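Note sheet for the following structure.
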């Protein structure tokens, strides 16, 4: 592979490819130096989206006009000598779970097919303040319920590495868009792994910050106590720049942490991990735990790389992680059943009116029946059941106790080590359709990512390489104590650099060029 | 045994009759809309009577992605209410979601408190006035308070097209979300037992005392007719001497103190008739009808209603420090009932006078007037007399306004009273002065100066007028000298006329008698 600072694209050919293959850091530098305009850069991405996305289906909405308008403003401001934020003019894609004023926001659901929010989510407002052109809204599993983006009401997104495979979920649209150079950066949301698992299976980087580090205001809620917003990128340094834009206290979100944002951008320059204590979580790695051999092999190599960088590797045990999946699938549906109650077709959203003169209740019932997909209904029913009088203590109450124990496991582990690592997902990307009939098999994709959401600690997935058996990318997950998000970037950046040396480039550069389908 | 079967008017039994066989148990749930400037979980305004759906935002409309933020002033009000009701204040408590579907509830869950209320275990002593010809003394009853908790109000549904204004028979419904998210405090009593025949009056006295307390706390405008104070009355009967409570009904739409008493009384007579017939009370909500004085069946309500409460994950716990609680305790006003007793004693009013003052809502204004120097008697005379009369027609188109809306301040009244007692003005001049004050011409002194209102203090001018009048009326003078002293009245009138009203009539009388050498 080529020198990473000039990603001469392999076989892309088209003029747009040169620009879209730059990292966000390079884009920002070239814009700042006046070597590139935001209009050129934004147009290059729009052109590529137009050519590639009919094949991928990563975007549910492309806002070419809005993105170019922002780009023109940024170019004019720069020409006028105005001091601009670091990422000004660098385009970004936003998961369709974040409300964008004036731009349809569906959360991947028929229910919100025509919903145009009258307000911006705080993250979107911050992106606008950072003067980043918003290319459009990315595909996702309906209301973020899924690990493959197959549960989107608007069709699955395809994995740029293999069009017959899933790009992960729920944020498959964001990960596919970044992996396919349709956007250098994207916003994701992670309730049980929806940023990290898609990053792993598309060879990209994704961070779930500490719970409360990024405002949830304006993010369509799945499970309030688990949801967190974060950046998707192709490199750790790029992710850090977007992280810095979106993180910080927001008085509109009561659960937002009122503390300074850790220096993630500075940490992303780390090259030496001497003295760092790294713990391998016994319960979420190893072929005996069901991790695919190729995934495990890359993980083991990554551990060697960490050792080379000066880290001490030890094994730690988090015994209650075994119950994380069970607790998660009680807490998530419980909160979701309540959060999704508002979609009743009374004031907005899909409305179905039964024949005759139906009552409000009948209209609600018919609309929810038509507007929600099967997975959403499944979880609403699960959650309604778990919260019901007489079952509450046995299910929701018990799950909350497990959650506390998992948080204690983390606390105990972080007394011994500075960060924890595991493979991000048990397997590489599976084929579209392989797991849609088996919810439990689908849920198991998130076995390694869920504990972080239950405990509120930050996590990141960085590419570890490609699996020998299928040539598809795998990810390594880094977990850190709450409000120590910079550790993710330090470890991620150092590992990324070392693996790049060993493997001859970023993992994403091994991806084949996409064959556009008719 | 059957439940209610007939669709016609409910049977009742005479009130006095039922008391021989049954013991009433009440439970009162009062919802108070707080008078905060903004809503419970967002920054929207809370003013009453705005155009529908103009005081809304993504949060109180429950739009996708919107999140709540707790109104700190509302929490402080809740704590003050709890303290005033002698409750313990939780060191740590959470909001909970009460899940059920209804179109006027934007999120289809109400953010409320469930098993962790902000205030628990209090009491309020209420005084039931003596019945005329029955009791000598008022009846005091201690109402035990179970809890006071914070929640948000729902929107307001208006059902259109039916004859009753209720959803049954309506063609469509309109929802105003201005009310959605307004802070509410729900105050729940423990079961009230042992009030016997006085139970309906206890209910009324409790709601009245609570209203006064909330008004004194200045946390709500407590207007039952506008719904800022709403009472749901739970009523059940058990056979006299029994220990297990009977099945209860919950009566809603009780919009005045009088209705509280009437609704409880009615439900007692209805329950008794059902129980006398060997039937069972259906646990349900009942709807009170002010016009006909009866309740009708609402929706069945059972203890099995499952609201799937769980802690609100979008909010952090409320954890008032003990310092905060003590700081708020220091802001509590005097208990209204105790305060009334103290003021009555200080002012020397009779029971009747004090009751009139309380009913006229004039306690505060009289207190302020006394504080700036007026005598309690004069303050009462002005505010309950001339000013009360004027307030009845001072509004636009001759409508009534409140005493405080007249534009006359306690300082004005004290000053006016001083002008009268010092002898500068007589009553008629004082009323003219008041006209000027009401017309915005300034303070009483300024008005009296500008209008040239002043009793003539100079006996010289008055004596000259007396001499003139005596000279002009020799026949009357003759009568007076002959012993008909009451004839002096005719002369006083003439003297006052010559003085153009600016004389003290008493002084004029004295001068006439002195001049004639007659003893008054």
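Rule-based calculations on the coordinates, nothing more; no lab input. The structure presented is a predicted model; accordingly, all values stated were derived computationally and were not measured. Every residue, glycine as well, gets a Cβ built from its backbone with ideal geometry; the counts of neighbours run over all protein chains shown.
Taking a ≥ b ≥ c as the square roots of the Cα gyration tensor eigenvalues, with a/c under 1.5 meaning rounded and otherwise prolate when a/b beats b/c, else oblate, which class fits segment A:46-134? Each step should come with its number before you reach the end.
Details: a/c = 2.61, a/b = 1.51, b/c = 1.73.
The shape class here is oblate.
In terms of the ratio Rg/(2.2 N^0.38 Å) built on C-alpha atoms, what value belongs to segment B:62-209? Provide the component values of the computation, followed by the final result.
Numbers: Rg = 19.5 Å, N = 148, 2.2 N^0.38 = 14.7 Å.
The value comes to 1.33.
No solvent, one uniform scatterer per C-alpha: report log10 I(q)/I(0) for segment A:461-518 via the Debye equation at q = 0.24 1/Å, two decimals.
-0.97
How far, in degrees from 0 to 90, does helix B:410-421 lean away from the longest principal axis of the Cα atoms of chain B, to the nearest 10?
In chain B, helix B:410-421 runs at an angle near 30 degrees to the longest axis.
Can you give the three extents of the C-alpha atoms in the protein assembly as shown along their principal axes, from longest to shortest, in whole Å?
Dimensions of the protein assembly as shown along the principal axes of its Cα atoms: 139, 82, 59 Å.
For chain B, what is the convex hull (Cα atoms) projected area averaged across all directions, in square nanometres? Can you show the working numbers first?
Numbers: hull surface 133.8 nm².
The directionally averaged projection comes out at 33.5 nm².
Kirkwood-based Rg over Rh for segment B:462-520 (C-alpha set), two decimals?
On the way: Rg = 10.1 Å, Rh = 11.0 Å.
Dividing the radius of gyration by the Kirkwood radius yields 0.92.
Contact order normalised by length for segment B:459-516, with contacts defined as Cα pairs under 8 Å and 6 or more residues apart; what percent is it? Working shown, then result.
Numbers: 38 pairs, mean separation 23.6, N = 58.
About 41 percent, as a whole number.
Within segment B:438-452, whose backbone N sits under 14 Å from a point 7 Å along Cα→Cβ of residue B:461?
So the set is B:449, B:451-452.
Using alpha carbons only, how many degrees (0 to 90, rounded to 10) separate the axis of helix B:257-276 from the longest principal axis of chain B?
40 degrees
Roughly how many nanometres apart are two label points built 7 Å out from the Cα toward the Cβ at residue A:272 and residue B:323?
4.6 nm
From zero up to wherever the largest Cα-Cα distance of segment A:245-374 sits, split into 10 Å bins and tell me the percent of pairs in each.
Calculated P(r), rounded to whole percents: 9, 18, 21, 24, 15, 10, 3, 0.
Count the DSSP beta bridges whose two residues both fall in chain A, then state the antiparallel fraction as a percent rounded to the nearest 5.
70 percent
Rounded to whole Å and ordered largest first, report the semi-axes of the equivalent ellipsoid of chain A derived from its Cα gyration tensor (root of 5λ). Let's see the in-between values first.
On the way: eigenvalues 204, 171, 90 Å².
Calculated on Cα positions only, the semi-axes equal 32, 29, 21 Å.
Under 8 Å for C-alpha pairs, at least 6 residues apart: give me the relative contact order for chain A, rounded to a whole percent. Walk me through the intermediate numbers first.
Values: 1269 pairs, mean separation 91.1, N = 518.
In percent, rounded to a whole number, it is 18.
Within 10 Å of each Cβ in A:386-393, how many Cβ atoms from other chains are there, averaged over the peptide? Let's see the in-between values first.
Working: counts 2, 7, 2, 7, 2, 2, 4, 0.
The mean count of partner-chain Cβ atoms within 10 Å per residue comes to 3.
Of the beta bridges DSSP finds with both residues in the protein assembly as shown, what % are antiparallel, to the nearest 5? Each step should come with its number before you reach the end.
Values: 87 of 104 bridges.
So the antiparallel bridges amount to about 85 percent of the total.
Could you give the angle, 0 to 90 degrees to the nearest 10, between helix B:336-347's Cα long axis and the longest principal axis of the Cα atoms of chain B?
For B:336-347 against chain B, the angle is about 10 degrees.
Place a label point 7 angstrom from the Cα of residue B:371 along the Cα-to-Cβ direction, then list the residues of segment B:435-467 whose backbone nitrogen is under 15 Å away.
No residues fall inside that zone.
Nearest 500 deg cm²/dmol is fine: what mean residue ellipticity at 222 nm does chain A get from its DSSP H runs of n ≥ 4 alone, each adding -39,500 (n - 2.57), divided by its residue count?
Values: 17 runs with 196 residues, N = 518.
My calculation for chain A gives -11500 deg cm²/dmol from helical runs alone.
Roughly how crowded by other chains is peptide B:183-190, in terms of the mean Cβ count from those chains within 10 Å of each of its Cβ atoms? The partial results should precede the final answer.
Working: counts 0, 0, 0, 0, 0, 0, 0, 0.
Shielding by partners across B:183-190 averages 0.
From zero outward in steps of 5 Å, how is the percent of C-alpha pairs of segment B:401-520 spread across the bins?
Final binned percentages: 2, 11, 20, 17, 13, 11, 9, 8, 5, 3, 1.
Take the Cα gyration tensor of segment B:336-451, multiply each eigenvalue by 5, square-root it, and list the three semi-axes largest first, rounded to whole angstrom. Each step should come with its number before you reach the end.
Working: eigenvalues 117, 62, 23 Å².
Output for segment B:336-451: semi-axes of 24, 18, 11 Å.
Which of the peptides A:52-65, A:229-242 is most tightly packed, and how do the rest follow, going by the mean number of other Cβ atoms within 10 Å of each residue? Mind dumping the intermediate values first?
On the way: A:52-65: 20.1, A:229-242: 28.4.
Per-residue mean Cβ counts within 10 Å order the peptides as A:229-242, A:52-65.
Shielding by partners for B:101-112, please: the mean number of other protein chain Cβ atoms within 10 Å of each residue's Cβ.
Working: counts 9, 5, 9, 2, 4, 4, 5, 9, 5, 0, 0, 0.
Mean shielding count: 4.
Could you tell me how far the Cα centroid of segment B:318-353 sits from the Cα centroid of segment A:80-120, in Å?
Between the Cα centres of segment A:80-120 and segment B:318-353 lies a distance of 54 Å.
Could you tell me the ratio Rg/Rh of segment B:34-133? Both radii from Cα atoms, Rh via Kirkwood. Mind dumping the intermediate values first?
Working: Rg = 17.5 Å, Rh = 16.1 Å.
When Rh is taken as the Kirkwood radius, the ratio is 1.08.
Which value at 222 nm does chain B reach when only helices count, each DSSP H run of 4 or more adding -39,500 (n - 2.57), with the total divided by all residues and rounded to the nearest 500 deg cm²/dmol?
Result for chain B: -10500 deg cm²/dmol, rounded to the nearest 500.
Take the alpha-carbon centre of segment A:399-462, take the same for segment A:171-238, and report the distance between them in whole Å.
Answer, in whole Å: 15.
Highest mean first, what order results for B:248-256, B:189-197 on Cβ atoms within 10 Å? Can you show the working numbers first?
Details: B:248-256: 20.2, B:189-197: 16.0.
The peptides rank, most packed first, as B:248-256, B:189-197.
What order do you get for A:395-408, B:331-344 when each peptide is scored by the mean count of other beta carbon atoms within 10 Å, highest first?
Values: A:395-408: 17.9, B:331-344: 15.1.
Put in order of decreasing packing, that is A:395-408, B:331-344.
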